[in-house]
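Notes for the one structure printed next.
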Amino acid sequence: MKKTALTSKHIELGAKMVEFAGYYMPVQYSGVNDEHETVRNHVGIFDVSHMGEFLITGEHALELIQKVSSNDASKLVPGKAQYSCLPNDKGGIVDDLIIYMIEDNKYLLVVNASNIEKDWEWISSHNTMNAEMRNISYNFSLMAIQGPKAVEAMQSLTSVNLADINFYNFVVGDFAGIEHVIISATGYTGSGGFEIYCKNEEAEQIWDKVLEAGADFGIKPIGLAARDTLRLEMGYCLYGNDIDDTTSPLEAGLGWITKFTKDFINSEALKAQKEAGVSKKLVAFELTERGIPRHDYEIADSNGNVVGKVTSGTMSPSMKKGIGLGYVPKDMSAVDTDINIMVRNKPVAAKIVKLPFYKA
């Protein structure tokens, strides 16, 4: 099992550690609900160093990225990031990712931990233009500092004006006594904040200084369990649950990152799917009765016919009700449609709602 540069810190802090995507990771510290509320109302720090990072450089870097990704990376300028996905050649998704333009002919691709080797092989297999590729996943650490107090709590650690970094923008600057780290206004919680990319040997210093600087703002370390409830309240997709090799970006509601102004892998088939219309859609639902929806629970219509499956589900810590995502036939996907979630084989009433579940 792989460890991050911060594993010993998590153990010292009494985290409950689990195996996740081949890494020994903290799933929780003080408890999921407490950590969740800390991020929604104050500020928390996550170790997400298990994520993968690829550097794509050289004069053919953009050409390769445009070929393998669904979004239009030609719109990027240095200091901007973009959410995208890697379509496969069968209508599904290899992975979702964030693309950072560092400078001309230099891009950073951030991919999911469980897909590092798969993504590397997929992109490499399509690198017919000989762009320069480096897998730096195991040399770099990534921390997410998330919550409405993040800017105020962290400003003392950097000469960069954090309030000036807009969503999906980033700067390379000093942070916590370390030069040349990426400070990125990305994150998967919906409560604002930053992600910090640094070398492994710099991670412990940054972690310690972040906790010190955030002490007066109620900062706490946050585990993977709360990361999941936070992203689900926003309706953000999780690879392996809500999207995978068999789900198309159009079915998953990711048409906004699927740009047919360029050619990319399987773009013709996806364009045809868009024109014909999808047969199933990823929808958000709230339980209207007591219960907790879980991954793989069946979704049934009002007559009890099974029409789909829950891809992600939880008891929302913010709203104190069961929420989830799942695929249903397109003709059942309208907001306010009544459905049933089969919780322990018993139907529990639910209705389809508009995302996000949580609104600050």
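What the table below lists for this structure:
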read-out: Complete set of residues in region 60-86 that are within 21 Å of residue 268 (Cα to Cα) and either part of a loop (DSSP other than H, G, I, E, B) or not assigned by TED's automatic domain parsing to the domain that holds residue 102 (or both); value: 69, 70, 71, 72
read-out: Output for region 239-279, where each listed residue is under 22 Å from residue 350 (Cα atoms) and surrounded by fewer than 19 Cβ atoms within 10 Å (Cβ to Cβ); value: 241, 279
read-out: Hey, residue 172 more than 16 Å from residue 50 (Cα to Cα), in contact with a His (Cβ under 7 Å, 6 or more places away or on another chain), outside any loop (DSSP other than H, G, I, E, B) and not assigned by TED's automatic domain parsing to the domain that holds residue 89 or not; value: yes
read-out: Residue in region 292-311 that is out of contact with any Lys or Arg (no Cβ under 7 Å at 6 or more places or on another chain) and of a type in the set (Lys, Arg) present; value: yes
read-out: Which numbered condition residue 161 fails, given (1) within 22 Å of residue 69 (Cβ to Cβ); (2) of a type in the set (S, T, N, Q); (3) surrounded by fewer than 15 Cβ atoms within 10 Å (Cβ to Cβ); value: (1)
read-out: Residue 28 being in the same structural domain as residue 220 (by TED's automatic domain parsing), in contact (Cβ under 8 Å) with a residue 24 or more places away in the chain and of a type outside the set (Phe, Trp, Tyr); value: yes
read-out: Residue count for region 284-313, restricted to those that are assigned to a strand (DSSP E or B), of a type outside the set (D, E, K, R) and touching a Gly at 6+ places or on another chain (Cβ under 7 Å); value: 9
read-out: Filter result (farther than 13 Å from residue 311 by Cα and of a type in the set (Ser, Thr, Tyr)) within region 247-284; value: 248, 258, 261, 267, 279
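Residue-by-condition table, conditions (1) of a type outside the set (Phe, Trp, Tyr); (2) in contact with a Gly (Cβ under 6 Å, 6 or more places away or on another chain); (3) assigned by TED's automatic domain parsing to the domain that holds residue 98; (4) surrounded by fewer than 18 Cβ atoms within 10 Å (Cβ to Cβ):
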site: 176; (1), (2), (3), (4): yes, no, no, no
site: 192; (1), (2), (3), (4): yes, no, no, no
site: 197; (1), (2), (3), (4): no, no, no, no
site: 211; (1), (2), (3), (4): yes, no, no, yes
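The values are calculated or read from the model by the stated rules, or taken from the named source; none is laboratory data. What you see is a predicted model, and the numbers here were worked out from it, not measured in a lab. Quick reminder, even Gly has a Cβ in these numbers, built from the backbone with ideal geometry, and neighbours come from all protein chains shown.
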